[in-house]
Structures are given as C-alpha cells and as structure tokens.
Amino acid sequence: MASLNMQGPYVLVPDKIDEVVPAKTPGNYAIGYVADSDFIVRYVGRASTDLNRELKGMVYRLSDCLFFKFSMAKSSKEAFKKECINYHDFGGNTQLKNTGHPVRRNGEEDWKCPCCDV
Ligand SMILES: [Zn+2]
C-alpha cells in the first residue's frame, strides 16, 4: 500500500499547525479525514518556502478534510518531487480532490515528475 511518509495526522486548525509545523521551511502535506483510525488522503500539496503558512491556507478549504499530515523537505525541488509521488500514489485527480497534476512555478519549468511525462 502507498505511504505518504509524513507525520500525523493532526487536527487541521491554526493552533495545531503552529504547535507541530515549523515556519519557513519547504515541505509537503496531505489533508483528509480519519476513519476507523486510518487517515484517508483527500488532497496532497507542497510548500516551496513556508509549509506552516501554506497549511493555514488549507484550513476549512475542503469540507471533509479536518486532519493533516506533513513532512519537511530540504528544498523546494525535493518538495515538488514528493508532491508528484504522493499525487500518483494516491490516485491522482480521479481519487483526490486535486484538480490536476502538481504544477511547476516560475523557475521550475525544467523539473521532471519522477512518475510520468507531464
Ligand atoms: Zn507525474
């Protein structure tokens, strides 16, 4: 079974984010819900520079996503690669609420997805 390799789950509220997620680090997150003590992934994402701030932007964004998991990354490029792997491992936009493949931002145009040719 696919693994996120992230810590959590934690309740997706600002106080908990401040308690467990360092500020100003790149990283990855998954949000979802807990059923029978399993964390069900509904959306995966990344932060290029500030995982703490990015996660706060996801609070109450998706109605059934009240929990999150996260991991820190050494660089924004590492975060992009992990987001791609998480996205493909958990079914892409047919199973996740993500609307499409992880995107490359300015300056990231030559980064390759480790899983596909997108
Ligand atoms: Zn891909």
The stretch 60-92, subset within 16 Å of the ligand (Cβ to nearest atom) and either at pLDDT below 95 or in a loop (DSSP other than H, G, I, E, B) (or both), residue nearest to K16 (Cα to Cα): F90
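Does F39 satisfy the condition of being at negative phi, out of contact with any Lys or Arg (no Cβ under 8 Å at 6 or more places or on another chain) and surrounded by 17 or more Cβ atoms within 10 Å (Cβ to Cβ)? Spell out how you get there, then give the answer.
Details: at negative phi: yes; out of contact with any Lys or Arg (no Cβ under 8 Å at 6 or more places or on another chain): no; surrounded by 17 or more Cβ atoms within 10 Å (Cβ to Cβ): yes.
No.
The values are calculated or read from the model by the stated rules, or taken from the named source; none is laboratory data. Since we're looking at a predicted model, the values are computed, not measured. Using ideal geometry, Cβ is built from the backbone for each residue, glycine included, and neighbour counts are taken over all protein chains shown.
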